[in-house]
Every structure is written in C-alpha cells, then in structure tokens.
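To start, the structure itself, in structure tokens.
The values are calculated or read from the model by the stated rules, or taken from the named source; none is laboratory data. What you are looking at is a predicted structure, and each value in this text was computed from that prediction instead of being measured. When we count neighbours, we look across all protein chains shown, and the Cβ atoms used for this are built from the backbone with ideal geometry, even at glycine. Note: accessible area is taken over every heavy atom of the protein model, side chains too, but ligands, DNA and RNA are not part of it. Shrake-Rupley method; radii C 1.70, N 1.55, O 1.52, S 1.80 Å.
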Amino acid sequence: MRTGETQIVTLRLLKGFTLLVDDDRVALSSSAQRLLAFLALQDRPRTRTYVARTLWPEATTPRANANLRSSLWRASRTGHRVIDASVQEMALAGNITVDIHDAVARAHRLLDRTCGCDDILDRRTRDDLSADLLPEWSDNEWVLLEQEQYHQLRLYALEAMAKRLTTAGRHGEAVAAGLAAVRAEPLRESAHRVLIDAHLAAGNRASAQHQYEQCRHTLMEELGLEPSDALRRLLPHMHAH
C-alpha cells in the first residue's frame with residue numbers, strides 16, 4: 001500500500017501525449033507538452049540554450065529563451081514536480097516513469113540473442129511495439145528524428161518477437177506480432193517473412209500462401225518489384241521448378 005504522500009507520475013508518449021498523476025490525467029499547454037516530451041527523450045540533462053534552440057529553431061535567441069521560460073512556467077503550474085531545472089540545465093524529473101523508456105529497453109532485449117526474454121513475450125510488449133511515438137506531432141525536426149528511430153527499432157523488435165514466439169510454438173501470438181510488423185511497414189519484406197514463417201510453423205499453408213500473395217501484390221503495386229528469391233523459397237510448392 002502506498003501512502004497518500006507518494007504519487008505515481010507517468011508520462012506516455014506512445015500513441016500520443018498523456019501525463020498522469022496516479023490515474024488522473026494532467027492538463028498541459030502544447031508548449032509545456034513539447035518541453036516535457038523533449039526532455040523525456042534525452043539521455044542526459046540539457047542546457048537551457050540547447051533546449052531553446054532545438055524546440056524553437058526558427059526563433060531568434062531572445063525569443064526562443066522567452067518561449068522556454070514560458071513553457072517552464074506553464075509546466076510548473078501543474079502543481080507537480082515534472083522538470084528538474086537549474087540555472088544552466090534541465091531534465092525530466094527523476095520520479096517520472098516514461099512508457100517509451102521501458103518499450104525501448106524491451107525492444108533491445110528482444111534483439112539480444114543471448115537474452116531469454118520469456119518474461120516479456122506478452123501482449124503488453126506487442127502493444128507498445130505496435131504504437132508509434134507521438135504520431136500526431138510532426139512539426140519539428142527533433143520529433144521526426146525520434147519518431148523514425150523508434151519506428152525502425154520497433155519493427156526489428158516485432159520481427160524478433162515473432163521469431164521467438166514461433167520457436168516457442170506460440171503460433172497465434174507469433175502471427176499477431178508478425179501482423180503488427182506488416183501493418184507498421186507493409187512494404188517491408190522481412191516483416192512478411194516472419195509472418196509467413198509463423199503461419200507455416202502452425203501448419204497453416206493456405207494462410208502462408210495468402211500472405212505471400214498479399215506481399216507480392218503490395219510490392220508490385222507500390223514499387224514494381226517481385227518478392228525476393230528468399231521469400232519465394234519459403235513456399236516452394238507454389239512455384240514450378
């Protein structure tokens with residue numbers, strides 16, 4: 001049991017921005033949201049100058065600094081300590097749990113072949129790896145870079161998850177992870193491959209063939225390409241020798 005003094009502060013950046021204290025959503029201005037999200041995605045404290053320049057690249061230095069002071073003030077009005085700021089530097093408050101930090105850690109574990117990972121082969125991991133980072137934010141260069149970095153990581157992690165689940169004989173979950181990877185990047189042949197493998201491992205050749213045809217159609221329609229030989233070889237019964 002937690003005492004009334006101890007509040008759990010959670011920042012969610014997957015699927016969109018949400019700040020929660022215990023289970024209550026905290027309202028924040030858009031500029032304060034951007035400041036919190038930016039600090040959450042840094043791996044160390046940043047100088048005020050760096051933060052102001054990155055968040056407001058088009059503004060003059062005095063204007064960017066004024067915007068930063070305003071955003072800090074708005075964040076402080078929540079009544080909760082969400083930012084640790086000194087004269088020179090600032091960082092997200094250390095007591096805040098950020099969903100993407102945990103998702104990134106689990107993604108790296110899935111990609112580490114020496115890791116057993118049985119404890120994270122679950123729906124929560126799949127859901128977090130199926131979500132994009134701040135999907136409705138695309139008006140700033142720093143956001144786009146972070147989005148692309150997480151998008152690529154989650155694709156590789158979903159594929160690794162599908163392979164691990166296939167190996168473990170958990171075919172339904174393997175198919176779900178493979179489908180999530182294909183949905184995230186329909187032109188990604190390696191995503192189709194793990195999904196076809198999952199269907200074949202479950203003995204569902206018709207589903208595997210259907211997925212292959214879907215991949216073939218998508219690649220031809222969008223890129224004018226045929227699937228690779230490696231993908232075709234997964235289904236030798238479909239092709240004349």
The Rg/Rh figure for the stretch 9-94, Cα atoms and Kirkwood Rh, to two decimals is 0.95
For the stretch 9-94, the charge dipole (Cβ of Lys, Arg +1; Cβ of Asp, Glu -1; about the Cα centre) points to a positive end, and the Cα of 90, 70, 42 closest to that extreme belongs to 70
Given (1) 19.6, 66; (2) 22.1, 72; (3) 19.4, 59 as possible values of Rg and Dmax of the Cα atoms in Å, the one from the coordinates is (2)
Note on the chain: helices (DSSP H) long enough, at least 27 Å by alpha carbon along their axis, and hydrophobic enough, mean Kyte-Doolittle at least -1.0, are 141-167
Along the stretch 17-22, Karplus-curve 3J(HN,Hα) (6.51, -1.76, 1.60; θ = phi - 60°) to the nearest Hz, with x for Gly and Pro, reads 8, 9, 10, 10, 10, 6
Gyration tensor on Cα atoms of the stretch 98-233, a ≥ b ≥ c root eigenvalues, a/c under 1.5 rounded, else prolate if a/b beats b/c, else oblate, says oblate
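For the chain, what % of the accessible area comes from carbon and sulfur atoms, probe 1.4 Å?
48 percent
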Inter-part gap, Cα centre of the stretch 212-227 to Cα centre of the stretch 52-71, in whole angstrom, is 46 Å
To the nearest Å², the heavy-atom accessible area per residue of the stretch 9-94 with 1.4 Å probe amounts to 55 Å²
Descending packing, highest mean Cβ count within 10 Å first, for 223-231, 208-216, 31-39 is 31-39, 208-216, 223-231
